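**Student:** My questions all concern the structure below.
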Amino acid sequence: MRRTFKIRNRTHWNTQDLRRFLVRVANESFDDGEKLVIHVEATYNRGGIRHSSCSGWATLGGQWVKIMLPSGSVDRIDLAHTIAHEFAHLRGLNHAAMRGAALWGRVGNYREIYAWAGSCSCGRGNGAWRRGSWGLRWPRYGTA
């Protein structure tokens, strides 16, 4: 079955480029038929142009992910890793279960695992996001 991403991009980064990252990581993270609909919101982190790392938030065992990107340059390997980490939360893993694993933590050879992302594009989109384009609300509880 086909996995669907409902993306709300509140950044200047190209939505189709972000979708390519999401699809690639989801194909590696989920089994067929698992998590068929995933809601993703892309926003800016507080690092501004000074930092290139990404961060995120996801509901534990749910279907909601928030990826926070810098407004300057993006470390694409870190972006792929962050998406994988948040998808692990969707699968029900908490931080204790992920501790020490390079797939989900910034330990060991995680940069080698996600080296494929270094060759992916992550360019600027065609303009700023539009307020009110998505009618879904973020859940209040059940976060990871």
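Each value in this text was obtained by applying a stated rule to the coordinates, not by laboratory testing. Everything numeric here is computed off the predicted structure, so don't read it as measured data. Backbone-built Cβ (ideal geometry, glycine too); neighbour counts: all protein chains shown.
**Student:** Rank the residues Asp31, Asp78 as a footprinting-exposure proxy: fewest other Cβ atoms within 10 Å of their Cβ go first.
**Tutor:** Least to most surrounded, the residues fall as Asp31, Asp78.
**Student:** Hey, got the Cα dimensions of the range 1-75 along the principal axes, in Å, largest first?
**Tutor:** Each principal axis gives a Cα extent; for the range 1-75 these are 40, 24, 19 Å.
**Student:** Fewest Cβ neighbours within 10 Å first, please rank His51, His85, His95 accordingly.
**Tutor:** Least to most surrounded, the residues fall as His95, His51, His85.
**Student:** Place +1 on the Cβ of every Lys and Arg and -1 on the Cβ of every Asp and Glu in the range 4-119, take the dipole about the Cα centre, and give the residue among Phe5, Leu22, Ala42 whose Cα lies farthest towards its positive end.
**Tutor:** Ala42
**Student:** Where the only charges are on Cβ atoms (+1 Lys, Arg; -1 Asp, Glu), what is the dipole of the range 4-119 about its Cα centre, to the nearest 20 debye?
**Tutor:** Once rounded to the nearest 20, the dipole reads 380 debye.
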